[in-house]
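The structure under discussion appears below in the form of structure tokens.
The values are calculated or read from the model by the stated rules, or taken from the named source; none is laboratory data. All values reported here derive from a predicted model rather than from experimental measurement. Positions of Cβ are generated from backbone atoms using ideal geometry, with glycine treated the same way; all protein chains shown enter the neighbour counts. Ligands, DNA and RNA are excluded from the accessible area calculation, which covers all protein heavy atoms including side chains. Shrake-Rupley method; radii C 1.70, N 1.55, O 1.52, S 1.80 Å.
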Amino acid sequence: MIASVLPTYARAPLNFVKGEGTWLIEADGRRFLDLGAGIAVNALGHAHPELVKALSDQAQNLWHVSNLYEIPNQQRLADQLVSLTFADTVFFTNSGTESCELAVKMARKYWYEKGQPERVEIITFEGSFHGRSSAGIAAAGSEKMTKGFGPLLPGFVHLKWNDHDAIKAAISDQTAAIMIEPIQGEGGIRPVPEQCLKGLRDLCDEHGLLLIFDEVQCGVGRTGKLFAHEWAGIDPDIMMVAKGIGGGFPLGAVLASEDAAFGMTAGTHGSTYGGNPLGCAVGNKVLELVGDAAFLDEVAEKAAYFKAGLEALVARHPNTFKSVRGKGLMMGLECAVPNMDVVNAGYDALILTVPAGGNVVRFVPALTITKEDIDEALARLSSAAQSLG
Ligand SMILES: *Cc1c(COP(=O)(O)O)cnc(C)c1O
């Protein structure tokens with residue numbers, strides 16, 4: 001008999017009833033150190049007092065109004081994002097894959113309105129993840145996500161992840177945009193080197209293409225900059241955001257330059273819930289806290305400390321771990337044993353990690369994690385490795 005919850009997830013038998021910062025408490029009382037943070041969602045940890053207050057204050061007054069009306073919270077969050085980033089304009093969604101939907105629509109509408117409606121193709125990369133909507137799976141293109149779900153949304157050109165020549169060869173008079181995660185998350189915590197991000201920007205400028213960054217996982221302070229592409233000193237034309245921006249409340253956004261967005265006039269796109277008062281109350285507080293320069297510096301500093309610890313861990317357990325990868329508090333260990341063995345051993349050692357592609361175990365903890373928590377995490381990972389022999 002089918003489970004009453006559609007069985008699309010292989011769930012661990014863990015039932016968390018309370019969260020405190022970087023800790024999750026199981027129904028049986030065990031305290032787990034959470035290095036997954038809801039997969040890079042709980043950017044400020046669980047039950048952050050200021051987020052709890054922002055959400056409950058808003059809940060007392062107004063939960064939802066339609067985007068048919070003005071929403072001051074939403075306006076303020078858009079203004080903040082515009083002032084802190086390359087963007088001139090923002091559309092709010094409820095998830096990463098909805099942000100992908102709009103990014104794809106915006107890129108195609110751009111060329112349509114520029115009088116080149118044949119430019120519909122979007123170049124994407126092997127190992128990428130853009131969510132589970134029809135556009136998201138077609139964009140990523142992996143068999144794992146697309147098999148059985150055809151016919152797929154056409155117009156995506158899938159290239160190998162690090163093949164510069166292939167990108168140049170793939171550009172044609174039908175190309176609209178290049179879409180890429182500055183750091184692949186699901187694909188195995190693979191940062192695109194800064195010079196390659198610059199190269200992509202140059203290539204897009206040369207051919208007049210739109211550059212779309214998917215910062216759903218790597219954005220919102222995760223790398224020690226508000227957005228990961230800032231390390232490369234270049235800007236996209238369109239950027240997808242979600243996960244951390246809501247700190248656990250479902251919220252996403254598409255940020256765009258004025259030029260990239262010029263086809264998106266009244267009536268061309270919409271969302272019932274996108275940017276609603278509850279979501280934006282939380283988003284404003286997240287951005288206020290994470291957008292602070294001292295907070296971001298601290299993320300970078302803690303990340304360097306964590307990375308050094310992970311390197312020592314690999315050196316101590318060469319039969320379990322092969323190498324460290326990632327940037328900021330978006331780190332991974334490439335494993336010498338099946339990565340799920342490490343994740344499961346972590347459950348026994350009371351630490352939560354997340355598997356990723358390339359046999360990687362992923363760490364995307366709350367950005368508020370302390371050095372003491374990092375020490376504890378390294379000790380628990382070490383005992384997990386020990387238990388695997
Ligand atoms: C998680 C993720 C998505 C999809 O986000 P959802 O909120 O699950 O739809 C898209 N892109 C990247 C890079 C992600 O990590």
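Things worth noting here:
- Residues satisfying the stated conditions in the range 98-113, i.e. basic (Lys, Arg) and open to solvent by less than 80 Å² (accessible area, probe 1.4 Å): 108, 109
- Any pair with Cβ under 9 angstrom, 6 or more apart, that starts in the range 335-353 at a residue that is at positive phi and ends at one that is assigned to a helix (DSSP H, G or I) and open to solvent by 20 Å² or more (accessible area, probe 1.4 Å): 350/380
- Scanning the range 98-113 for residues that are touching a strand residue (DSSP E or B) at 6+ places or on another chain (Cβ under 8 Å) and either hydrophobic (A, V, I, L, M, F, W, C) or more than 12 Å from the ligand (Cβ to nearest atom) (or both) returns 100, 102, 103, 104, 106, 107, 108, 110, 111.
- So residue 267, is it within 30 Å of residue 76 (Cβ to Cβ) and of a type in the set (Gly, Ala, Ser): yes
- So residue 176, is it touching a Phe, Trp or Tyr at 6+ places or on another chain (Cβ under 6 Å), among the small types (Gly, Ala, Ser), in the same structural domain as residue 129 (by TED's automatic domain parsing) and in contact (Cβ under 8 Å) with a residue 24 or more places away in the chain: yes
- Residue match in the range 43-59 (condition: under 24 Å from residue 299 (Cβ atoms) and within 16 Å of the ligand (Cβ to nearest atom)): yes
- Enumeration of residues in the range 307-336 that are open to solvent by 10 Å² or more (accessible area, probe 1.4 Å), among the hydrophobic types (A, V, I, L, M, F, W, C) and closer than 22 Å to residue 39 by Cβ: 324
- Residue in the range 12-20 that is open to solvent by less than 50 Å² (accessible area, probe 1.4 Å) and without any contact (Cβ under 8 Å) to a residue 40 or more places away in the chain present: yes
- Within the range 316-328, residues that are free of Cβ contacts under 8 Å to residues at least 12 places away in the same chain and on the phi < 0 side of the Ramachandran plot sit with their Cβ atoms under 8 Å from residues that are surrounded by fewer than 20 Cβ atoms within 10 Å (Cβ to Cβ) and part of a strand (DSSP E or B), at 6+ positions apart or across chains, in these pairs: 323/334.
- Matching helices (runs of 4 or more DSSP H) fully within the range 28-86 where at least 3 residues are open to solvent by 60 Å² or more (accessible area, probe 1.4 Å): 49-61, 72-84
- Subset of the range 137-160 (residues that are in contact with a Ser or Thr (Cβ under 8 Å, 6 or more places away or on another chain) and within 16 Å of the ligand (Cβ to nearest atom)): 137, 138, 139, 140, 141, 149, 153, 156, 158
- The residues on offer are 126, 121, and the sole one that is open to solvent by 10 Å² or more (accessible area, probe 1.4 Å), charged (D, E, K, R) and within 16 Å of the ligand (Cβ to nearest atom) is 126.
- Put simply, of 134, 95 the only residue that is open to solvent by less than 40 Å² (accessible area, probe 1.4 Å), within 14 Å of the ligand (Cβ to nearest atom) and either of a type outside the set (S, T, N, Q) or under 22 Å from the mean Cα position of the chain (by Cα) (or both) is 95.
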